[in-house]
Structures are given as C-alpha cells and as structure tokens.
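Report on the following structure.
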Amino acid sequence: MTPTELVAWALDFAFVTVGLALLVSAVRLLRGPEAPDRVLALDTMYINVVALVILFGVRFGTGLFFEAALLIALLGFVSTVALSRYLSRGDVIE
C-alpha cells in the first residue's frame, strides 16, 4: 500500500466517522429532553461541520476550505454563547 492510498483510506474513514458523529448529534438535537441538551448538541454539530470542512480541504488540497472552517467555528462559538446566555438569563444583551 502506497502512502497516497493510505491517506485516501484514512480520509474516507474520517469522513464516515465524522458523518456518523454529525448524525448522532442531530438525533440529540431533535430528541434532547431539555434546551441545554439541544444547545450542546448544536455546538457539537458545529464542531463536526468544521471537521468535515477541514477534511474536504485536505481532500481537495485548497486553502479556501480552511478559511470557511474558521468562519463556521467563529459563528458556532458566538451562537453557542448567545444561546447559553439566553437560556441562563433570559436575554442576550444586558
């Protein structure tokens, strides 16, 4: 097995595992018993999407996907903080 084939196999395996993690997080988002569980599931989904975008960047060998991953991570962080503050205090901005 050549190194190129090994990297291709590892990328395929990573796509499948991160996709399964995204699916499990989506189930928790839909079936979460309370709102904090759903916020955590949404945060986990953002992390999984960032991982998928980075894997696409490695697969296609372009830097554009890495910039997109950075933007998704930034928006995911801000939305998680906003949702957490809303659930704990009832408002986002004091």
Inset, instruction - Kindly provide log₁₀ I(q)/I(0) values, in the same order as q = 0.22 Å⁻¹, from the Debye equation applied to equal alpha-carbon scatterers of the chain. - result: -1.07
Inset, instruction - For the chain, set up a Gaussian network in which alpha carbons nearer than 10 Å are linked by springs, and say which option among 80, 44, 62 fluctuates the most. - result: 62
Inset, instruction - Return the FRET efficiency for the residue pair residue 30, residue 93: r is the Cβ-Cβ distance, R0 is 35 Å, and the value is rounded to the nearest 0.05. - result: 0.75
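Where a number appears in this text, it was derived from the coordinates with a stated rule and is not lab data. As the structure is a prediction and not an experimental result, all values here were calculated from the model. Neighbour counts run over all protein chains shown; Cβ positions are idealised from the backbone, glycine included.
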